[in-house]
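Heads up, the thing below is written out as structure tokens.
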Amino acid sequence: MEWLDMAITAGIWALEILAIAVPVALTVAYTTYVERRVIGIMQIRKGCNRVGPFGLLQPLADGLKLFLKETIIPTNANKLLFVAAPVLALVPALVAFAVVPFGETRLFGIWDKEHVMAISHLNVGLLYILAISSLSIYGVLMAGWASNSKYALIGAVRATCQMISYEIAMGFALVCVLMLAGSMDLAVIVNAQAGGFWHWYIIPLFPMFLVYFISGCAESNRTPFDLVEGDAELVAGHIVEYSGMWFATFSLAEYGAMILISLLTSILFLGGWHAPIPALDFIPGTIWLLLKAAFFIFVFIWFRATFPRYRYDQMMRLGWKVFLPWTLAWIAVLGICTYAGELYEGLQFLSDAIGFYQPWRS
Amino acid sequence: MLEAGFFYLFAAMVIVGGMGVVLARNTMHSVMFLIFCFFNAAGLFFLLDAEFLGIILILIYVGAVMVLFMFVIMMLEVNQAKLKEGFLQYLPIGGMIALILLIEFIAASGSGVFHTDAIAAVGHFGKDVNNTVEIGKVLYTQYLLGFEIAAIILLVALVGSIVLTLRTRKDAKYQNISKQVNVRKEDRLRKVRM
């Protein structure tokens, strides 16, 4: 019976993966639609409204168009890596969703214990996400190099510098979250913020919340940090030689990363699946999480409609000279506050204030 | 049984990756093989219940070190003919090093130090043992001095590399951002009574 058990387990895994991957793909498709409509409204024009009612079938039409387009591979390109690059970009964006907890459930009372709704409930979930999202750079790098085009290469070089710089600030912002939650398990981090919005980490970590979200914006190459594909000077950066479905794969990866950052910001700073006030707990947690994430996706689009592109040196300065000192200082502040009471009796109120957010200390 | 199967899979892939690094003609392909190799080495760590080390291996080596590697290699123009020129010249030294390493490996594996009985049994810990917490405890108590020394060495290297690259060119025009931000209307605009 051992083989049967293994087969059943494998089947359940496959279903779990599909249950995450298919909604992510659909969300990506409709994020492009929402993006065009929202930017349309912000710029006082209509946006797409021709295909289907309110233009709702536009993403399907786009998909069909891209699918039917010819894929052109440049003659002097490194064919293997040229084809592998979009896949390398897409895989990390999707694999990272494996540890994102979408809520807790008892499956309508069948289980007597709360189970976390994630494909894999890792006790180093946060590190896993950091590690996987740092891999998304390879797709861009490979695409830039394999295309054998100067614009693509410059775009890839810029992307590398940008991602490496902002990853550091991002990592340190997450260290602050760890210092409060005392665990790298995403479900534990969310449950540390249970009990209303005054428990959310956005309150003690407001600067870190800004750093994380803006770094996330830079990591996923969204405007105002889309120098990677800065069309005024680089045509389209690393994707300049791509067409058809391979091009679509890149944008799928970009929007996937955007959704991931939105979900993670809600999980780490806005209490994940917990309602803002306990009285609203009758609405399922997953809906709360998705609502929060949807809000951040909207903010991403809002950024794009509002801000002009950063200049390259200013962007580097923001990463290294503004965000990095901020995050380092905030780590020191949190650490000192945590143990201030033990060092000096009069500072006990600081420890108590921070201790309110640190379930591991009580 | 499944565990042993995965061990052989990861171990074989590490070796394939390592061979690929050396044998690939294209340097870019070599780097990709090395990344593949690191991934499978991380898989071996996972099999040993060392999930923290495994993920750190991916985060540091694949996510940061290899990116910089690739960054440098991307800029090189690799000429195959030129690469082959020195092949015979370096063959004696290279061959000697390879031979010494091979003898060392055979001697080490035959010495019995790595025999399964000699190594502390690699049992699996319960779910409540947190790898990260255990490493943190050991690192910040027992090995604190070594940890701090390593940190200081890294800091010195960091400062050193910045000092090496820091030079102000006289012919280039730099902007002083704090100066730009601090400009007031009065500095630029002068009202003249006509």
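The values are calculated or read from the model by the stated rules, or taken from the named source; none is laboratory data. These figures come from a predicted structure and were not determined experimentally. Glycine also receives a Cβ, built like all others from the backbone with ideal geometry; neighbour counts cover every protein chain displayed. Accessible surface areas use protein heavy atoms only, side chains included; no ligands, DNA or RNA. Shrake-Rupley method; radii C 1.70, N 1.55, O 1.52, S 1.80 Å.
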Every residue in the stretch B:47-97 that is modelled with pLDDT of 75 or more, open to solvent by less than 50 Å² (accessible area, probe 1.4 Å) and more than 14 Å from chain A (Cβ to nearest Cβ), please. B:L47, B:G94, B:G95
Any residue that is loosely packed, with under 13 Cβ neighbours inside 10 Å, within 14 Å of another protein chain (Cβ to nearest Cβ) and out of contact with any Gly (no Cβ under 8 Å at 6 or more places or on another chain) - is there at least one of those in the stretch A:304-312? yes
Output the residues belonging to the stretch A:294-351 that are in a helix (DSSP H, G or I), over 23 Å from B:N176 (Cβ atoms) and among the aromatic types (F, W, Y). A:F295, A:F296, A:F298, A:F300, A:W302, A:F303, A:W330, A:Y339, A:F349
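Does A:P59 meet the test of being on the phi < 0 side of the Ramachandran plot and open to solvent by less than 30 Å² (accessible area, probe 1.4 Å)?
Taking the combined requirement at face value, the residue satisfies it.
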May I ask you to verify whether A:Y212 is part of a helix (DSSP H, G or I) and either at pLDDT 85 or above or not acidic (D, E) (or both)? yes
With respect to the numbered conditions (1) under 15 Å from A:I261 (Cα atoms); (2) in contact (Cβ under 8 Å) with a residue 12 or more places away in the chain; (3) out of contact with any helix residue (DSSP H, G or I) (no Cβ under 6 Å at 6 or more places or on another chain), which one is the sole condition not fulfilled by A:F197? (1)
If we keep only residues of the stretch A:67-103 that are open to solvent by less than 70 Å² (accessible area, probe 1.4 Å) and in contact with a Gly (Cβ under 6 Å, 6 or more places away or on another chain), then the residue farthest from A:I17 (Cα to Cα) is A:T71
Condition check: within 12 Å of chain B (Cβ to nearest Cβ) and either touching a Cys at 6+ places or on another chain (Cβ under 9 Å) or among the basic types (K, R) (or both). Does A:K79 satisfy that? yes
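Can you give me the number of residues within the stretch A:26-54 that are over 18 Å from A:I301 (Cα atoms) and outside any loop (DSSP other than H, G, I, E, B)?
Taking the stretch A:26-54 as the starting set, the residues that turn out to be over 18 Å from A:I301 (Cα atoms) are A:49-54.
Next, from what is left, pick out any that are outside any loop (DSSP other than H, G, I, E, B): A:53-54.
Result for the stretch A:26-54: 2.
What number of residues within the stretch A:160-188 are within 10 Å of another protein chain (Cβ to nearest Cβ) and surrounded by fewer than 24 Cβ atoms within 10 Å (Cβ to Cβ)?
So the count comes out to 10.
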Taking into account only those residues within the stretch A:110-143 that are more than 7 Å from every other protein chain (Cβ to nearest Cβ) and hydroxyl-bearing (S, T, Y), which is least open to solvent (accessible area, probe 1.4 Å)? A:Y138
Of the conditions (1) assigned to a loop (DSSP other than H, G, I, E, B); (2) within 21 Å of B:F52 (Cβ to Cβ); (3) open to solvent by 40 Å² or more (accessible area, probe 1.4 Å), A:I203 satisfies every one except a single condition; which number is it? (2)
